[in-house]
Amino acid sequence: MKLKRAASIPLVLHDPFFSVWSSADHLYDADPVHWTGIRQQMRGYVKADKKVFSFLGDREFHDVLEQKSVEVTATATEYIFENELLKLKVRFTSPLLPEDMLLVSRPCTYVDFEVEKKQASEVELNFEVSADLVRQNRDAVIGFVGEKKNGEGDFSYASMGRAVQQPLGSSGDRVVIDWGYVYMACAQKEAELAFDKANEKLTLKLPFAGADKKAGMILAYDDLLSINYFGQWRKAYWTKEYATILDAIGAAFADREEVLKKAAKLDREIEAKALEIGGEDYAFLCNMSFRHAFAAHKLITDENGEIVFLSKENDSNGCIGTVDVSYPSVPLFLLYDTEYVKGMLRPVFKMAASDVWEYDFAPHDVGRYPYAWGQVYGLRHEWDGAVYKRAQQCVYPPFYLYPAGADVFDFKYQMPVEECGNMLIMMAEVCERDNNADFARAHWDVLSQWKDYLLKYGADPGDQLCTDDFAGRLSHNVNLSVKAIMGVEAYAKLCGMLGDEDAKNRYHEIAKEMAQDWEKRADVGDHYCLTFDKPDTWSLKYNLVWDKIWGSGLFSDTVYEKELAYYEKMTNQYGVPLDSRADFTKSDWILWCASMAKDRDQAIRLLKPVANYLENSESRVAFSDWYDTKTGNYCHFIGRSVQGGIFMPMLLEK
């Protein structure tokens, strides 16, 4: 759908490192950036009868080819530029087709051009990619050009990377990659590709001779190594199929037409369903979050060949595989393939099974991207006489180097009820959709342990953090109690799927009793409070959604009616605040709540302000999920996988 404006426009999205955006009203107003805001300079020019016009990147001293429109779909972004000489369409397609994990992993974006000559007789397009994409500092780069001959699939390419590299040599949050190689490739015989050593960039010249109207290229990235997975150096999933990045690029050229058709079909399906559920505003949010959510992950396999789908906790602390970041993201992935969610859960179970994890609750994360080698949230930095420093690149010691028996983690920074509930709920939903609980059976002992933790502490959680830790600590957290109740119900469902009807009925009744007690203690008249001990408070009760999805009937209809009506009453210009403590909110949680609305109109009234924020915010960042509902300013969190939660209304409707 055509946009008026958005805080930041997705261009090339594949993973937390290969992620390029335009944070400007016009593509030629400024250079593209990484989701961090770090420059990822790309430039585009079109030469028409000796006149040069800029269409991409900082225009500097050039005239511009006026931008007429921008359209964003789930998988693509298309710009149209025009003047009296010519009309140019530029389309970036990152075909993250969820039914095909190879395509989700294959780091190849199609950049397609279509020229309509009006008064111009000769047209040449120039495209440039700078060394910004391959380094953090001003390190020397090398480059090379070549041809890949595959019969009819021949293409030329240019590539560039740091001269001296250490793959997986650093970790951090707001950082860009400094290993691997960026590639530009083109199958047009008349194309000229080069590595400009003096200016440290790749260049492409593409003439549109005679009646030629269409041409294209592929922008790709070979990261060489992707993740340190508990001491194993793991490559991206795409390397299972392709021996080299050139093979992957060749395959992308070969299946281009088929892939683009599938991508267009997916775009139409998502937009049509979103329009039906929540109108144009919801379609806008879905289109803007689809690539965003997938590209906040890296897809690999473990030593057993099983899928591992690791998120990066962008603009927070850079954690990898964070449980309470996976939890809000799962609606999008559950719509297509539960294997993605299993891929989120596997590393957490691996962490929980390690000798160092001596706790009766679930871990928070499994490391700091790209090191999935042990939880870092709440990690003590002094123990057993040793001091581990938070160095500039923050390379934490892997879990297998923690001193035996050491007090490694500070409990006050853990989220026990939060993560136990998250793991049980995600597991139950995966098994429900698979109609098979074998995945749960393989981890039954630890799932049962986490259920016991919820029974002991979940009805009225003590002084614990929850996923909304940025808002501060709370005792007697009412919404966290809902999560515990739904976690117990999740365990009941799993018992039933595993054939234990007595246990299913027993734990369902416990969850029901907990819910009834919750209603009595949390009810403060026209809504339910933030904490059980403070009746003059309120909060978004987004965790209730699973009672709706599962049809568990734990909470009365009155709860939903009063809560949703109260959210409408408390809505500001850009959305409902998270709770009564501040004006900021979380976009994912608003959409979870909107999915529980009594009708379409109420849902639209709740989600429309979120779309209003994304369209009008002066914070030019990649769809932040934490922002101020009065000013529309970004608070923190950029480009995070949690925006998969935008698809909760679609999941619930399905």
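The values are calculated or read from the model by the stated rules, or taken from the named source; none is laboratory data. What you see is a predicted model; the values in this text were computed from it and never measured. Glycine gets a Cβ as well: all are built from the backbone with ideal geometry, and neighbour counts include every protein chain shown.
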Notebook entry, point to check: Regarding GLY575, is this residue touching a Pro at 6+ places or on another chain (Cβ under 9 Å), buried (at least 17 other Cβ atoms within 10 Å of the Cβ) and not aliphatic (A, V, I, L, M)?
Noted result: yes
Item checked: Considering residues of segment 116-138 that are more than 30 Å from the chain's Cα centre (by Cα) and outside any strand (DSSP E or B) only, the residue surrounded by the most Cβ atoms within 10 Å (Cβ to Cβ) -> ALA120
Notebook entry, point to check: Only one of (1) touching a residue at least 24 places away in the same chain (Cβ under 8 Å); (2) crowded, with 17+ Cβ neighbours inside 10 Å; (3) not assigned by TED's automatic domain parsing to the domain that holds VAL115 fails for GLY231. Which number is that?
Noted result: (2)
Check: Just checking, which of PHE155, PHE144 is closer than 17 Å to ASP222 by Cβ, surrounded by fewer than 14 Cβ atoms within 10 Å (Cβ to Cβ) and in contact (Cβ under 8 Å) with a residue 12 or more places away in the chain?
Finding: PHE144
Notebook entry, point to check: Somewhere in segment 37-51, is a residue touching a helix residue (DSSP H, G or I) at 6+ places or on another chain (Cβ under 7 Å) and crowded, with 21+ Cβ neighbours inside 10 Å?
Noted result: yes
Note to self: surrounded by fewer than 22 Cβ atoms within 10 Å (Cβ to Cβ), within 29 Å of the chain's Cα centre (by Cα) and not in a strand (DSSP E or B): is that true of ASP178 in this structure?
What the structure shows: yes
Next item on the list: Kindly check whether there is at least one residue in segment 528-537 that is outside any strand (DSSP E or B) and of a type in the set (Lys, Arg).
Entry: no
Next item on the list: Output the number of the condition that TYR336 fails; it satisfies all remaining conditions of (1) crowded, with 19+ Cβ neighbours inside 10 Å; (2) under 23 Å from SER595 (Cβ atoms); (3) of a type in the set (Ser, Thr, Tyr).
Entry: (1)
Check: For segment 308-322, does any single residue satisfy the condition of being part of a helix (DSSP H, G or I), in contact with a Phe, Trp or Tyr (Cβ under 9 Å, 6 or more places away or on another chain) and assigned by TED's automatic domain parsing to the domain that holds TRP373?
Finding: no
Next item on the list: Mind listing whichever residues of segment 620-635 are of a type in the set (A, V, I, L, M, F, W, C) and either in a loop (DSSP other than H, G, I, E, B) or within 17 Å of the chain's Cα centre (by Cα) (or both)?
Entry: VAL621, ALA622, PHE623, TRP626
Notebook entry, point to check: Among LEU465, LEU494, LEU424, LEU480, which is over 18 Å from TYR542 (Cα atoms) and not acidic (Asp, Glu)?
Noted result: LEU494
Notebook entry, point to check: Only one residue in ASP384, ASP438, ASP410 is at pLDDT 95 or above and in the same structural domain as THR467 (by TED's automatic domain parsing), so which one is that?
Noted result: ASP438
Note to self: Residues to consider are ALA211, ALA194, ALA185, ALA220; find the one that is surrounded by fewer than 18 Cβ atoms within 10 Å (Cβ to Cβ), of a type in the set (A, V, I, L, M, F, W, C) and at pLDDT 95 or above.
What the structure shows: ALA194
Checklist line | Count of residues meeting criterion [surrounded by fewer than 18 Cβ atoms within 10 Å (Cβ to Cβ) and in contact with a Phe, Trp or Tyr (Cβ under 6 Å, 6 or more places away or on another chain)] in segment 599-611 | finding: 0
Notebook entry, point to check: Does segment 481-497 contain any residue that is surrounded by fewer than 22 Cβ atoms within 10 Å (Cβ to Cβ), assigned by TED's automatic domain parsing to the domain that holds LEU447 and either in a loop (DSSP other than H, G, I, E, B) or in contact with a helix residue (DSSP H, G or I) (Cβ under 6 Å, 6 or more places away or on another chain) (or both)?
Noted result: yes
Notebook entry, point to check: Among the numbered criteria (1) over 12 Å from the mean Cα position of the chain (by Cα); (2) over 25 Å from LEU102 (Cβ atoms); (3) not small (Gly, Ala, Ser), which single criterion is violated by GLU313?
Noted result: (1)
Notebook entry, point to check: Do we find a residue being under 17 Å from ALA594 (Cα atoms), in a helix (DSSP H, G or I) and not hydrophobic (A, V, I, L, M, F, W, C) anywhere in segment 545-554?
Noted result: yes
Check: Looking at GLU519, is it in contact (Cβ under 8 Å) with a residue 40 or more places away in the chain and of a type outside the set (A, V, I, L, M, F, W, C)?
Finding: yes
Next item on the list: Give the residue, chosen from SER121, SER156, that is of a type in the set (Ser, Thr, Tyr) and either at pLDDT 95 or above or not assigned by TED's automatic domain parsing to the domain that holds LEU65 (or both).
Entry: SER156
Check: Which is buried (at least 18 other Cβ atoms within 10 Å of the Cβ) and assigned by TED's automatic domain parsing to the domain that holds TRP592, of ALA522, ALA565, ALA503?
Finding: ALA522
Item checked: The listed residue being over 15 Å from ILE227 (Cα atoms), among the acidic types (Asp, Glu) and modelled with pLDDT under 95, out of ASP355, ASP337 -> ASP355
Next item on the list: State all residues of segment 87-115 that are assigned to a strand (DSSP E or B) and either hydroxyl-bearing (Ser, Thr, Tyr) or at pLDDT below 95 (or both); if no residue qualifies, say none.
Entry: THR93, THR109, TYR110
Margin query: All but one of (1) surrounded by fewer than 23 Cβ atoms within 10 Å (Cβ to Cβ); (2) touching a residue at least 24 places away in the same chain (Cβ under 8 Å); (3) over 24 Å from the mean Cα position of the chain (by Cα) hold for THR244; state the number of the condition that does not hold.
Written below: (2)
Check: Could you list, in sequence order, the residues of segment 469-480 that are outside any helix (DSSP H, G or I) and small (Gly, Ala, Ser)?
Finding: GLY472, SER475
Check: Can you name the residue in segment 465-480 that is of a type in the set (Gly, Ala, Ser) and touching a strand residue (DSSP E or B) at 6+ places or on another chain (Cβ under 9 Å) and, of all such residues, is surrounded by the most Cβ atoms within 10 Å (Cβ to Cβ)?
Finding: ALA471
Notebook entry, point to check: Which one of these does LYS520 not meet: (1) within 19 Å of TRP546 (Cβ to Cβ); (2) over 28 Å from the mean Cα position of the chain (by Cα)?
Noted result: (1)
Item checked: Residue that is surrounded by the most Cβ atoms within 10 Å (Cβ to Cβ) [pool: residues in segment 53-80 that are free of Cβ contacts under 8 Å to residues at least 40 places away in the same chain and in a strand (DSSP E or B)] -> PHE55
